[in-house]
Amino acid sequence: MRQFLLATTLICTAAMAAAQDAALVVGISDYDDLSDVSRADRLVAAGAALREHGFSIKGGRNLDVDDLFSQARVFSDEAEDADRIVVALSGQFATDGALTWFMGQDAPAPQDFTVGQQGILVQTALNALAQASQGAVLLLGETEADTDYDTGLSAGIGPMEIPNGVTVVRGSPEAIEGLMRYALAVPGGDVIATARRTRGVDLSGFVPDSLTLIPGDAAAVPTERVTLPPELTAAASGSEETAWTAARAADTQNSYARYLDAYPQGANAANAVSRLAELRRNPPNPLRDAENALGLSSEARQAIQRDLQIMGFDTRGIDGIFGPGTRGAITGWQEQNGITANGFLTRDQIATLSAQATTRATQREAEAAAARAELERRDRAYWQETGVPGGESNLRAYLERFPDGLFAAEANERLGRARATAETNAAAAAREAQLSLDAISLQLVEARLSQLGLDPGRVDGQLDDDSRRAIRRYQRDRDLGATGYLDQATVSQMLVDAFR
């Protein structure tokens, strides 16, 4: 009898070793156009344990439509000869009320005529599962969103035609990940019992009293591998205080939502609602928390903002507050340096940024000094062309090119003097015109200036530049206003001089 049992065991073991088991495990959290699904991609890591137990695993994290179809085709071929088959899909689904599709990462908002090109048909997965001879399980991780796409389709999972022998488990991405990690992929793990202990999980199709896909002695497996985390089971424990303790320990949106589902009027319901609202407003962010743990002071944050500005990334202010402008600048700097661009800094990244900014600041200072030297050279050269010869037009040309140049003050001063002289001359010319001197009188003036040796030029009754220069000399010698124009005082003085 003992020999018969041993032989039977060896035969079964050999058959198990020879069996080809197939699994398709896909988790998509980060969608391009559809809403993201928190924790959905963690299903892939949990399902990796199936490989240790003879499964060929296809699928992956955040697969786009092309990769999703490619992996599904390979899985379909392998499933034809498989004894045990697992399909686990977690992410966004779309349904027309009769059929359901699991959407690829880059799928746009589903439309009724093209949805088949954007995701895999869940019914096709069910048909593949129907080929299994020793166990078939379909895990579906779905969100609670109720979204209509205005195309005859809506988000979610519709009715399914479940073949005989196929067990379907539906729940949140977190719950489905837990079932995979702590039951389905564990030797001796009971999928049915674990699902019944998990909050918010639905069983349909083939639902026996127990279902162990991977044979083994569950008692020999470490307890932590077969016991669900408290946040998945506490709400079903029957103890509100236990549920609240577990929710606080997990401190996640899901844990508080499960508590409220179980105890909407519970003693801690108000606290759960408050904490849930806070987490939704400001969800946990490990990257942000790690940056906050650095304890950066306002001065340190301002220094980082200055460094980013030096490196050419606009923080929209240097105020010590890391708002959208600073986060965008950090992201840009990280992308430029081949660092994962998440908008949050580590201590090493801060040190790298500081070193780069110091080097860049030194370079910029040298570049600025060279630019200043070149500007000064051109400034001096242009002054030689304009300022040295002088003249109002030259001075204005210099100031137009170098309004803050080395010689701007001198140019402005000289122009000011020229303007004052012009105004004085205009007033003097007006006074001269009021004298109404005829050509003969002007000839007498020029003759008198000539007699005094003041060189008025040709004595012709025309007061030219030489005449004006002689008049100024005469006025200066006699302490009269030296304008170069005749006025009553100048003419009177000439008459007095004529009789001496």
Computed lengthening from Gln462 to Thr242, 0.36 nm per intervening residue step minus Cα-Cα distance:
67.4 nm
Gap in Å between the Cα centre of the range 298-322 and the Cα centre of the range 54-132?
47
Relative contact order [Cα under 8 Å, 6+ residues apart], the range 19-228, whole percent
20
Simple SL model, points at 7 angstrom along Cα→Cβ for Asn164 and Asp81; separation in nm is 2.6
Estimated dipole of the chain in Debye, rounded to 20 [Cβ of Lys and Arg +1, of Asp and Glu -1, Cα centre]
1680
Using +1 at the Cβ of each Lys and Arg and -1 at the Cβ of each Asp and Glu in the chain, identify which of Leu140, Leu480, Ala125 lies farthest towards the dipole's positive end.
Leu480
On full extension of the chain, what length is gained from Arg316 through Ser298, given 0.36 nm per residue of separation minus the C-alpha to C-alpha distance?
4.9 nm
Here the tail fraction of P(r) beyond 14 Å, over all Cα-Cα pairs of the range 297-358, rounds in percent to 47
Residues Val273 and Asn127, FRET efficiency given R0 of 25 Å [Cβ-Cβ distance, rounded to 0.05]:
0.05
What does the charge count near Ala418 come to, summing +1 for each Lys or Arg and -1 for each Asp or Glu among other residues with Cβ under 13 Å from its Cβ?
0
With unit charges on the beta carbon (Lys/Arg positive, Asp/Glu negative), name the residue among Ser204, Leu50, Ala357 whose Cα is farthest towards the positive pole of the charge dipole of the chain.
Ala357
Relative to the longest principal Cα axis of the chain, at what angle does helix 269-281 sit, 0 to 90 degrees, rounded to 10?
50
Residue-wise, which Karplus ³J(HN,Hα) couplings in Hz belong to the range 159-175, taking 6.51 cos²θ - 1.76 cosθ + 1.60, θ = phi - 60°, and x for glycine or proline?
x, 10, 9, 8, x, 4, x, 9, 9, 10, 10, 10, x, 5, x, 5, 5
Just grab the label-to-label distance for Arg372 and Leu452, each label 7 Å out from Cα along the Cβ direction, in nm (one decimal).
5.4
About the Cα centre of the range 19-228, what is the dipole size in debye to 20, counting +1 per Lys and Arg Cβ and -1 per Asp and Glu Cβ, all else neutral?
820
What size of dipole, in debye to the nearest 20, comes out for the range 435-500 about its Cα centre when the only charges are +1 on Lys and Arg C-beta atoms and -1 on Asp and Glu C-beta atoms?
200
Length-normalised contact order of the chain in % [C-alpha pairs under 8 Å, at least 6 apart]:
7
For semi-axes √(5λ) of the Cα gyration tensor in Å, the listed values are [x] 48, 29, 19; [y] 99, 24, 23; [z] 80, 25, 16; which was obtained by calculation from the structure presented?
[y]
Placing one equal point scatterer on each C-alpha of the range 240-281 and summing with Debye, one gets log10 I(q)/I(0) at q = 0.16, 0.20, 0.29 Å⁻¹ equal to -0.29, -0.46, -0.99
If exposed means no more than 13 neighbouring beta carbons inside 10 Å and the site is in a DSSP loop, what's the longest run of the chain without any exposed chymotrypsin sites (Phe, Trp or Tyr not before Pro)?
114-498
Along the positive direction of the dipole of the range 240-281 (beta-carbon charges: Lys, Arg +1; Asp, Glu -1; about the Cα centre), which of Leu279, Asn268, Thr245 reaches farthest?
Leu279
Simple label model, 7 Å out from Cα along Cβ direction - Ala109 to Arg281, nm:
3.0
Within the chain, helix-based [θ] at 222 nm, where runs of 4 or more DSSP H residues each add -39,500 (n - 2.57), nearest 500:
-15500 deg cm²/dmol
Note: Asp202 to Ala426 extended length (0.36 nm per residue) minus current alpha-carbon separation gives 70.3 nm
Given a Förster radius of 41 Å and the C-beta distance between Asp477 and Val388 as r, what FRET efficiency does 1/(1 + (r/R0)^6) yield to the nearest 0.05?
0.85
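Just so you know, all these numbers are worked out from the coordinates, no wet-lab data involved. As the structure is a computational prediction, the values presented were derived from the model and not from experiment. Cβ: placed from backbone, ideal geometry, glycine included. Neighbour counts: every protein chain shown.
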